[in-house]
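Each reported figure results from applying straightforward, stated rules to the coordinates on display, with no laboratory input. This structure is a prediction, so every number in the text was calculated from the model and none was measured. Because the Cβ atoms are built from the backbone with ideal geometry, glycine has one as well, and the counts that use them run over all protein chains shown.
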Amino acid sequence: MSITMRAARLHQMGSPFQIDDIEVPEPGSRDVQVRVEACGVVPNLRNVVTSYTSKHPTLPARRLPAAYGLDATGVITKIGQAVQGLSLGDRVYVNPGLSCGGCEACRRGQTNQCPDFTFQGYFGFGPGSQRLFDAYPTAGFCEYLVAPASNIVRLPPSISFEQGARFGYLGTAYAALRRAGLAPGETVLIDGMTGTLGLGAALLALAMGASRVFGTGRNEALLEEVRAFAPSRVQPIRLGQRPVNETVMEATAGLGVHAYLGALGPGAPVESTLQGLLSLRRGGCAVGMGALAATLPIDPLVMMRRQLSYTGSLWFSTSEGQDMAAMAAAGTLDLSVFQHERFPLVDINLAIEATQARHGGLTNIVVTP
Ligand SMILES: [Zn+2]
């Protein structure tokens, strides 16, 4: 007789999640089984389970019913036969980024460049994504999940399960800062600093030794809260006054910042990114890591003369997740700022609604199965 567990699953796009009894998953030879202690409820989940694939026709539809839950933390309860280096009882974050393992990119170790890159418990990008969902059908809104051992980030005792459930957004920001080549002592402008993604970028930029962190936002009170993280290094810029690049240039003696991070969502005006590019110093790098969907009018001559670059960054590697765990353990990455709102698994639908009334990126909504 098989043992069952509770799982919140989506049976139909746009309908509420249902609590189902499904089989507890067994790990394959290179997998681990994790008892989920917390899973982040990302603000975009509400869009993804209602209309995402109809709004984004290039993304493949996912077969339903399906388990969701993107940013899970928990305890290792079973270990596959071929896995070494992990132990029963390890406290972990599960990086949900799945890749096929056999394509050119995967065989080169560039798993985030896999054309079938897929977020376990969320959505995929390629025609092979459904196969990866089929191989790993459980996720963070289940009592147990199974994931590849290579996706496991071991958490130090100082990181709570709730804090670890923020690693998805934090890691996205960390990978983007690395892509921008941010070095200690350099300066960065974060467009959308008070949101879930931008706040992580501010915390990581501080942890990486940025000397100045400029950040835009509309809510003055929230901006002040972020400034209080490091009053001598964080400089909030309230949007809707004058062009952001004017403020940045004035504050940097006309030099500009080394890096610009775009953390804004769909619907944001392209002007914000253009002002970001104008805020860069010569040789600077702009990274789009949010979900801005617009066509940018970029002048290649200006880009050439000022030797600027614009690039995109998607998600992060397990290795980068382990970096963040080490930074948090060392005390350089401060995860104490988050205000956790916990929901039991049965209240998954309330948790998703709660994402619409957050205190900016400071609110951390988690399901605790
Ligand atoms: Zn691949």
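Computed quantities for the displayed model
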{"item": "Packing-based ranking, highest mean first, of 176-183, 232-239 given that Cβ atoms within 10 Å are counted", "result": "176-183, 232-239"}
{"item": "Electrostatic dipole magnitude of the chain [Cβ: Lys, Arg +1; Asp, Glu -1; Cα centre; debye, to 20]", "result": "720"}
{"item": "M13 versus R108: modelled label distance in nm, points set 7 Å from Cα along the beta carbon direction", "result": "3.3"}
{"item": "Dipole in debye (nearest 20) - region 1-65, about Cα centre, beta carbon charges: Lys, Arg +1; Asp, Glu -1", "result": "340"}
{"item": "Histogram of C-alpha separations across region 233-369, 5 Å bin width, %", "result": "2, 8, 12, 15, 17, 17, 13, 8, 5, 2, 1, 0"}
{"item": "Linear extension gain, A135 paired with R46, 0.36 nm per residue minus alpha-carbon span", "result": "29.6 nm"}
{"item": "15 Å beta-carbon shell around T138, net charge (K/R +1, D/E -1)", "result": "-3"}
{"item": "Principal axes of region 86-168: Cα extent on each, largest first, Å", "result": "38, 26, 22"}
{"item": "Of the DSSP H helices in the chain, those whose Cα atoms cover at least 15 Å axially and whose Kyte score averages 0.5 or more", "result": "196-207"}
{"item": "Pairs of Cα atoms farther than 17 Å apart, region 22-113, %", "result": "66"}
{"item": "Ordering of 11-23, 332-344, 187-199 by burial proxy (mean other Cβ atoms within 10 Å per residue, highest first)", "result": "187-199, 332-344, 11-23"}
{"item": "The chain, helix-only ellipticity at 222 nm - DSSP H runs n ≥ 4, -39,500 (n - 2.57), divided by all residues, nearest 500", "result": "-7000 deg cm²/dmol"}
{"item": "Backbone N within region 120-149 under 14 Å of label point (7 Å from T77 Cα along the Cβ vector)", "result": "138-147"}
{"item": "Full-stretch length increase - A357, L301 - with 0.36 nm per residue and alpha-carbon distance subtracted", "result": "15.8 nm"}
{"item": "Computed over the chain, the ratio Rg/Rh where both radii use C-alpha atoms and Rh is Kirkwood", "result": "0.97"}
{"item": "Over region 108-231, equivalent-ellipsoid semi-axes from the Cα gyration tensor in Å", "result": "31, 17, 15"}
{"item": "Extended-chain gain in nm, criterion 0.36 nm per residue less alpha-carbon gap, A294 and D20", "result": "94.7 nm"}
{"item": "DSSP-defined beta bridges in the chain - what % are antiparallel, rounded to 5", "result": "55"}
{"item": "Cα Rg over Rh - region 42-194, Kirkwood", "result": "0.97"}
{"item": "Convex hull of Cα atoms in region 315-369, direction-averaged projection (nm²)", "result": "4.9"}
{"item": "Pairwise FRET efficiency - R242 versus S87, Cβ, R0 = 56 Å, nearest 0.05", "result": "0.50"}
{"item": "Diffusion constant of region 224-286 at 25 °C, which comes from Stokes-Einstein with the Kirkwood Cα-pair radius and 0.890 mPa s, µm²/s", "result": "196"}
{"item": "Spread of Cα-to-Cα distances over 10 Å intervals beginning at zero, given as percent, for region 174-234", "result": "25, 60, 15, 0"}
{"item": "Built amide H within the under 5 Å cut-off of I79, gap 5+", "result": "Q33"}
